[in-house]
Amino acid sequence: MKNVLNVKNIYASIGGKQILKDVCFDISENEILGLVGGSGSGKSTAAKVITGLLKPDSGSIELYGRKLSGKRSRKECGSIQMVFQNPESSLNPKYKIGKILADAMSFQLRLSREEIAKRSADLIRRMELPEDTLYRYPGSFSGGQKQRIALARALSVEPDLIIADEPTSSLDVSVQLRMLDLIKEIKEERGLSILFISHDLGVINYLCDRVAVMKDGRIIETGDRGSFFEAPKTEYGRELLSSVPRI
Amino acid sequence: MMGLLILLALTAPYICRYDPMAQDLYATLKKPMTEGHLLGTDQLGRDILSRILYAARTDLSVMAAAEVFPFFAGTFIGMAAGYFGGRADAVISLITDTFIAFPYYLLVIVVAFMTGAGIHGIIVTFMIVGWLVYARVAKALAASFRNTEWVEAAKLLGYSDLRIIAFEIFPNVLPQVVVVLMTDMAALLVSIVTLGYLGIGISPPTPDWGSMISEGQSLINTAPYLSLIPGFMVVYTGIALSLIGDGLADRWRR
């Protein structure tokens, strides 16, 4: 399978404090890579660096083998999208959902108005959102619905990679499961690559194809989901696994 | 309330039977409700109703003219400072804090003396100091939005900083700055009136509520209405403005 994203030797710091140390990993087409680790291990910082919101101190990020520079073009921006942890502040409260989606598509893809309307309606239906979603403001939706709208916004610009930073951690269990299934289905339909960040190993086990373990700003272990959950290679991996409550 | 006032001010030339500056020394100090003069006349026999309405024209238009530039400039400067943070923020903070530490009226009076009394002086003065209050409010708000996910999502879509400030942040800042606009307009009206009262604002004989109050002051015992009526107009306008501010803020709060 083709590599979509290559992260090579990334060092990054926030406010003078070094957070990421020599971070390397890659993601293939039609693959979900789970990035696990305790809080403060640098998972979200890694996401910020990949999206370009944070400049790394050194190292490189390649998308389909092409190196992404510090200042990204419109197309490069659109090719990596993100679903954030907090559904409450993911959408601009002053705009109706229809406008949020339409703005993103007209800016990124330069589509006609009819095409935008058609795609918006399709996305809303695919995300199992109410019919009138496009005409409502973000404030009128539940957390789970907002996350699906955020996913719709990310998908609307046809990205190559979606980074999901704990997108289900603030949702209750039944809503969480549906969201995970949706992500899985969308991945299969579109052949998407997804970097899924979570500290919840149950979620990772359910969703991901491969797992990367992060500790103190370093990737200490990567492997297939099966082999990681059966026999983690590192002590920290075993620790993480043993801390999961068995039901 | 404000609509009524603006309507009256706009139609003043059609409503008023008298020229606001026409003196009639045979009909001085008529009490309100006198035949032909609804609100009476002043010590020079000028019709008070006409003067009040013409003064509304001057005062309100000076107020609006002096407020437009500071409102937009201050809001955008503040949003930019809050959004970019870092050095831009430090520079803007330094400027606003310096100006705010300065006694406002002193500054206004100094500039009014430099540019000369009159309408232009007031507008110029206010352009210099007026934007500060908007810059402060907009900066604080924009800084609080800077790291929200919806701003980051906008960056990820590749929107330019200008676009994010103007189309993502501005709609969220607008309700608050409009409330500030309304209270600030009331404060500005008071300063226009104060300057008129002190004799360095809108210069006589152009009617202005401030100079009307001060002209009536010497006769406060015999003809209190000379000062009370323009005084009431100032209060009325102030209340109207703050009600508009509240109403708009309620409508936009979602």
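Computed from the coordinates by the stated procedures, all read-outs in this text should not be read as laboratory data. It should be emphasised that the depicted structure is a prediction, and the values quoted were computed from it without experimental measurement. In this analysis, Cβ positions are derived from the backbone assuming ideal geometry, glycine residues included, and neighbour counts consider all displayed protein chains.
Odds and ends about this structure:
Listed here are the residues, each with its yes/no results for (1) within 14 Å of chain B (Cβ to nearest Cβ); (2) more than 23 Å from A:Asp224 (Cβ to Cβ); (3) surrounded by fewer than 19 Cβ atoms within 10 Å (Cβ to Cβ).
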residue: A:Arg153; (1), (2), (3): yes, yes, no
residue: A:Glu158; (1), (2), (3): yes, yes, yes
residue: A:Glu166; (1), (2), (3): yes, no, no
residue: A:Ser170; (1), (2), (3): yes, yes, yes
residue: A:Arg178; (1), (2), (3): no, yes, yes
residue: A:Leu182; (1), (2), (3): no, yes, yes
residue: A:Gly191; (1), (2), (3): no, no, yes
residue: A:Phe196; (1), (2), (3): no, no, no
residue: A:Val203; (1), (2), (3): no, no, no
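- Any pair with Cβ under 6 angstrom, 6 or more apart, that starts in the stretch A:136-158 at a residue that is farther than 13 Å from A:Leu91 by Cβ and ends at one that is part of a loop (DSSP other than H, G, I, E, B) and hydrophobic (A, V, I, L, M, F, W, C): A:Gly144/A:Leu171
- Among all positions in the stretch B:197-209, there is no residue which is without any contact (Cβ under 8 Å) to a residue 12 or more places away in the chain, part of a loop (DSSP other than H, G, I, E, B) and under 30 Å from A:Val83 (Cβ atoms).
- Selection of the stretch A:18-71 for residues being of a type in the set (Phe, Trp, Tyr) and either under 20 Å from A:Asp224 (Cα atoms) or out of contact with any Asp or Glu (no Cβ under 9 Å at 6 or more places or on another chain) (or both) yields only A:Phe25.
- Test result for A:Val213, touching a helix residue (DSSP H, G or I) at 6+ places or on another chain (Cβ under 6 Å) and either within 12 Å of A:Gly38 (Cα to Cα) or without any contact (Cβ under 8 Å) to a residue 24 or more places away in the chain (or both): yes
- Qualifying residues in the stretch B:201-243 (those that are among the β-branched types (Val, Ile, Thr) and touching a Phe, Trp or Tyr at 6+ places or on another chain (Cβ under 7 Å)) - the one surrounded by the most Cβ atoms within 10 Å (Cβ to Cβ): B:Ile213
- Screening B:Val178, B:Val234, B:Val190 for residues that are assigned to a helix (DSSP H, G or I), touching a Leu at 6+ places or on another chain (Cβ under 6 Å) and on the phi < 0 side of the Ramachandran plot leaves exactly one candidate, B:Val178.
- Residue list for the stretch A:76-99, restricted to those being surrounded by fewer than 21 Cβ atoms within 10 Å (Cβ to Cβ) and of a type in the set (Phe, Trp, Tyr): A:Tyr95
- Residue pairs meeting the criteria (Cβ under 6 Å; at least 6 apart or on separate chains; first free of Cβ contacts under 8 Å to residues at least 60 places away in the same chain, in the stretch A:71-91; second small (Gly, Ala, Ser) and outside any strand (DSSP E or B)): A:Arg72/A:Gly52; A:Arg74/B:Gly158; A:Cys77/B:Gly158
- Scope the stretch B:132-164; condition among the charged types (D, E, K, R) and either surrounded by fewer than 21 Cβ atoms within 10 Å (Cβ to Cβ) or away from chain A (no Cβ under 11 Å) (or both); matching residues: B:Arg136, B:Lys139, B:Arg146, B:Glu152, B:Lys155, B:Asp161, B:Arg163
- Any hit, the stretch B:105-125, residues being buried (at least 20 other Cβ atoms within 10 Å of the Cβ), farther than 22 Å from A:Lys55 by Cβ and aromatic (Phe, Trp, Tyr): no
- Of the strands (runs of 3 or more DSSP E) lying entirely inside the stretch A:143-247, those carrying at least 2 residues that are under 26 Å from A:Arg126 (Cβ atoms) are A:161-165, A:193-197.
Residue-wise test of (1) over 30 Å from B:Pro207 (Cβ atoms); (2) not β-branched (Val, Ile, Thr).
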| position | (1), (2) |
| --- | --- |
| B:Ala80 | yes, yes |
| B:Thr96 | yes, no |
| B:Leu106 | no, yes |
| B:Ala112 | no, yes |
| B:Phe126 | no, yes |
| B:Ala138 | yes, yes |
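- Qualifying residue in the stretch B:114-136 (condition: closer than 30 Å to A:Ile100 by Cβ and over 15 Å from the mean Cα position of the chain (by Cα)): yes
- Restricted to the stretch B:64-120, and to residues there that are free of Cβ contacts under 8 Å to residues at least 40 places away in the same chain and in contact with a Gly (Cβ under 7 Å, 6 or more places away or on another chain), the residue that is nearest to B:Leu132 (Cα to Cα) is B:Val111.
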